[in-house]
Amino acid sequence: MRKSTLFFMSLAVQSVLLIGAFTHAAYQHGRDAFILGETAALVKRLELTDLCLFTEARYTRHPTQADLHSPFQDHPLSFEHFPSGSLLALPKGIGGR
Amino acid sequence: MIELRDIRKVFNEGKPHALTAVDGVSLVLDARAVTVLQGPSGSGKTTLLSLVGCMARPTEGRILLGDREITSLPERFLTDVRRRTFGFIFQQFNLVKGISALENVMLPAYPLGEHHASLKKRARALLDLFGILPRESSKAEWLSGGEAQRTAICRALINDPQIIIADEPTAHLDTKLSREFMDIVGRFKAEQKTVIIASHDPLVYGSPVVDRVITMRDGKIEAAGR
Amino acid sequence: MGNWFERQRNIIDFTLSSLVRRKGKNLALLLVYALLVFLLASVMFFTHALRREASFVLQGAPEIVVQRMSAGRHELIPARYLGMIKGIRGVSGVRGRLWGYYFDPFSGANYTLMVPEAFSHGSGDVIIGQGIARTRLVGPGDVLSFQRYDGTPAILTVREVLPSASELVSSDLIVLSENDFRRFFGMAPGLYTDIVLTVRNAKEVATVAGKVQKLLPDTRPILKSEILRTYDTIFDWRSGIIVVILSSAVLAFIIFAWDKASGLSAEERKEIGILKAIGWETSDVLLMKFWEGAAVSLTAFLAGVLLAYVHVFFTPVMLFEPVLKGWSTLYPSFKLVPFINPYQVATLFFLTVVPYTVATIVPSWRAATIDPDSVMRS
Ligand SMILES: Nc1ncnc2c1ncn2[C@@H]1O[C@H](COP(=O)(O)OP(=O)(O)O)[C@@H](O)[C@H]1O
Ligand SMILES: [Mg+2]
């Protein structure tokens, strides 16, 4: 077979897969809307304000509720907001569990 | 018919090491004839061939292909004239390494947009004509000297050129293969093609198929062979 | 002059043949390239999906949260504030929220304790999030023992585990009754963590918040729109940083491609000379170079994007686990709802394929304009 045919075929297969990904996303979204709706209902019922992504500190667990002077206030999940933060080691007892 | 009028080619013009490789050559080369440019190394044979073959432009003078002036054509047209009119056989064969003999033969026709199947058919027919069809899928670097040259000849013929230009075609061939090459030149002639060869190999310029031998020296024509 | 499409295909044939010649090198290039696209696309898909999910789920968040501030810190809010806020026009409901953090020395994790408006179980019972169930290896009917503020043990029975589909918001939750909460932290009855309001007319939220602050200057109202915006910027910023970092990798890669294309080896130069000598035009050589760049980058691009999609939406996002875990012991395990849009894919395309292809063609220009007669001398 011609190499260009192989090339176009591989591009076509990949493109079809990409379209498949889009289709999957659209389809899955319809299905998962229900689950998301349930989660939203839970949020409403428990009056939650934040995502449970980072549980290590107050200002990372509830970035929207943190004090004004907490680190990371303007960009709560930034790598380090205060320059000193990058100089301080991990508090003892937290790491290396 | 190819006509050269007062052709001069100066390399590195205007610089201290400027060099006049072709110095005032006027010639009329007959169509459908085999012409050999003969002369010592450095006499300007290769340079003259490249001028005739539209590979380079002369510093001065004009070249006429039939009744068409080609010296003043823009590059694009020049390339087009070149690939439709000329087939080149180089001293080093200059096959592209890493791809098959067949692909090498097809290479000059790729940009012309010919349909692949018909191009492949023509290329294989040419390889068959020169007895190297069994080697069609061998990589260029695996071909023997004779096979490589035949492949290079097939490549020169793929666009069915009217004029075939060969620069020192026998330099890397033994006597037997050189004789075979001249037989092939005889076939070109029988097919009404114009052949121009630069060579200082007596096997070439002494061959009976040659119609005319032009002797060059220091960029000038020493003997026009007529 | 021939067929345009055939010309492209013929030249692609040759381009691929010549790519195959340096199989190892080009394959390595392709892999590195695909990896780069994969990383970029993973970050983009992940943060976009997370952001979208956050903005959907957090639609249920309270419209206004009122915090009391004291000496620059978040303070408990007295119950009498409830009555004062209730009197503001436009407020349809107020409720004191009780919630706090508990560091569990046993697992080394932080939990969020929370009292709901209506708790469906009794005293001594709790509902926990999946994350806690996982780290403490407990399920309904099991007992969790914690230490109260005064050192006395609190024995709590797990009654329910919140659905794993909601882990993104509930992984570390312990939902318990108000009595248990107050006893746990020794919090006097007249105090709450903060106050949440509902507003009659959604358009009046900002006005109401302004009135709250005027009436109670030591409070800070936090609006739902601010919550949503915070999450928007968090992910924008986070993914922005990662994209910037990765972009320098992309840049390095493109410089490498440029260097590779401009530093053509003698062999490649000779090859271009041969092509020119046998009748290829400069534009044909450039077309070949274009396809060389396009073949590598299109393949790597599509492969990288597809792998990233699978990685982000089908597997437990291995790559981001360390980032998500951070220092925490308890971290959510969640499956994102797939979300990609053509805009993201186009951005990735312009970030990777276009510069790479340009970087392979432009430097080839000089090699492509090589004189065709160069091969006749050597
Ligand atoms: N590109 C070039 N730049 C400078 N000098 C050149 C170039 N090409 C050929 N020459 C010189 O021109 C002269 C003629 O060379 P050439 O035509 O190759 O002779 P022949 O083929 O008869 O051996 C030689 O002195 C050679 O060194
Ligand atoms: Mg020579």
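Amide H to amide H distances under 5 Å link C:E63 with C:L197, where only residues 5 or more positions off or on other chains count and H is placed in the peptide plane. Determine the sum of side-chain charges near C:L156: Lys and Arg each +1, Asp and Glu each -1, restricted to other residues whose C-beta is under 9 angstrom from that of C:L156. Summing Lys and Arg as +1 and Asp and Glu as -1 gives -2.
Take each residue of peptide C:163-170, count the partner chain Cβ atoms within 10 Å of its Cβ, and average: the result is 6. Each Lys and Arg contributes +1 and each Asp and Glu -1, all at the Cβ; summed about the Cα centre of the protein assembly as shown, the dipole is approximately 380 debye. Computed from Cα atoms alone, the Kirkwood hydrodynamic radius reported for segment C:65-181 is 15.8 Å.
Each of C:R95 and C:L191 was given a label point 7 Å from its Cα along the Cα-to-Cβ line. The distance between the two points is 2.2 nm.
Hey, with R₀ at 35 Å, roughly what FRET efficiency would B:A223 and B:W142 work out to, going by the Cβ-Cβ distance, to 0.05? Calculated transfer efficiency: 0.25.
In the context of the full set of protein chains, the protein assembly as shown has a per residue accessible area of 44 Å² (1.4 Å probe). Scanning residues 5 or more positions from C:L113 or on other chains, those with amide H under 5 Å from its amide H are C:G100, C:Y101, C:Y102, C:I174, with H placed 1.01 Å from N in the peptide plane. Averaged over the residues of peptide B:90-98, the number of Cβ atoms from other protein chains lying within 10 Å of each residue's Cβ is 5.
The length gained on full extension between B:H172 and B:D128, counted as 0.36 nm times the residue separation minus their Cα-Cα distance, comes to 13.6 nm.
Take every DSSP beta bridge whose two residues both sit in the protein assembly as shown; close to 70 percent of them are antiparallel. A simple spin-label model places the labels of C:F56 and C:E204 3.2 nm from each other, with each point 7 Å out along Cα-to-Cβ. Its DSSP H runs of at least 4 residues, each contributing -39,500 (n - 2.57), put the calculated 222 nm mean residue ellipticity of chain C at -17500 deg cm²/dmol, to the nearest 500. Shown in residue order for segment B:58-75 are the 3J(HN,Hα) couplings computed by the Karplus curve 6.51 cos²θ - 1.76 cosθ + 1.60 at θ = phi - 60°: x, 6, 9, x, 10, 10, 10, 9, x, 10, 9, 7, 10, 5, 9, 6, x, 3 Hz (x for Gly and Pro).
Shown in residue order for segment B:200-205 are the 3J(HN,Hα) couplings computed by the Karplus curve 6.51 cos²θ - 1.76 cosθ + 1.60 at θ = phi - 60°: 10, 8, x, 4, 8, 6 Hz (x for Gly and Pro).
Evaluated at q = 0.22, 0.24, 0.28 Å⁻¹, a Debye calculation over the C-alpha positions of segment C:64-116 (equal weights, vacuum) places log10 I(q)/I(0) at -0.94, -1.02, -1.14.
Per-residue surface analysis assigns C:W291 an accessible area of about 40 Å², computed on protein heavy atoms at 1.4 Å probe radius. Using a cutoff of 8 angstrom between alpha carbon atoms and counting only pairs six or more residues apart, the relative contact order for chain C works out to 28 percent. Taken as Cα centroids, segment C:92-143 and segment C:188-216 sit 25 Å apart, rounded to the nearest whole angstrom. Tell me whether chain C comes out rounded, prolate or oblate; compute the Cα gyration tensor, take square roots of the eigenvalues as a ≥ b ≥ c, and use a/c under 1.5 as the rounded threshold. Here chain C falls in the prolate category.
For the pair A:V13/C:L307, report the inter-label distance in nm, with labels modelled 7 Å from Cα in the Cβ direction. Simple spin-label model gives 1.6 nm for this pair. Shape of the protein assembly as shown from its Cα gyration tensor (a ≥ b ≥ c, root eigenvalues): rounded if a/c is under 1.5, otherwise prolate when a/b > b/c, or oblate? The shape class here is prolate. For segment B:2-223, averaging the sequence separation of C-alpha pairs within contact (under 8 Å, six or more residues apart) and dividing by the residue count gives a relative contact order of 31 percent.
For chain C, the share of DSSP beta bridges that are antiparallel, to the nearest 5, is 85%. When the convex hull of its Cα atoms is viewed from all sides, segment B:66-203 shows a mean projected area of 9.0 nm².
When the P(r) of segment C:1-157 is calculated, the portion above 27 Å amounts to 61% of the C-alpha pairs. What shape does segment A:23-63 take by its C-alpha gyration tensor, where a ≥ b ≥ c are the square roots of the eigenvalues and a/c under 1.5 counts as rounded, a/b above b/c as prolate, and the rest as oblate? Note, shape of segment A:23-63 comes out oblate. Shielding value for B:113-120 is 4, the average number of Cβ atoms from other chains within 10 Å of each residue's Cβ. Each residue of segment B:182-194 was assigned a 3J(HN,Hα) from its phi angle through the Karplus expression (A = 6.51, B = -1.76, C = 1.60, θ = phi - 60°), giving 5, 4, 4, 4, x, 5, 4, 4, 4, 8, 6, 8, 8 Hz with x at Gly and Pro.
The Cβ shell under 12 Å around C:Q213 holds other residues with a net charge of +3, Lys and Arg each +1, Asp and Glu each -1.
Of the residues C:P78, C:P332, C:P217, the one that moves most in a GNM of chain C with alpha-carbon contacts below 10 Å is C:P217. For B:S26, the amide hydrogen comes within under 5 Å of the amide hydrogens of B:D6, B:I7, counting only partners 5 or more places away or on other chains and with H modelled in the peptide plane. Computed from point charges on the beta carbon alone (+1 for Lys and Arg, -1 for Asp and Glu), the dipole magnitude for segment A:1-48 about its Cα centre is near 280 Debye. Here's the picture: charge each Lys and Arg Cβ at +1 and each Asp and Glu Cβ at -1 in segment C:77-192, and of C:P163, C:N179, C:Y111 the one pushed furthest to the positive end of that dipole is C:N179.
The values are calculated or read from the model by the stated rules, or taken from the named source; none is laboratory data. Note that the structure is a prediction, hence the values are computed from the model and not measured. No Cβ is skipped: glycine too gets one built from the backbone with ideal geometry, and neighbour counts run over all protein chains shown. Just so you know, the surface numbers come from the protein's heavy atoms only, side chains and all, with ligands and any DNA or RNA stripped out. Shrake-Rupley method; radii C 1.70, N 1.55, O 1.52, S 1.80 Å.
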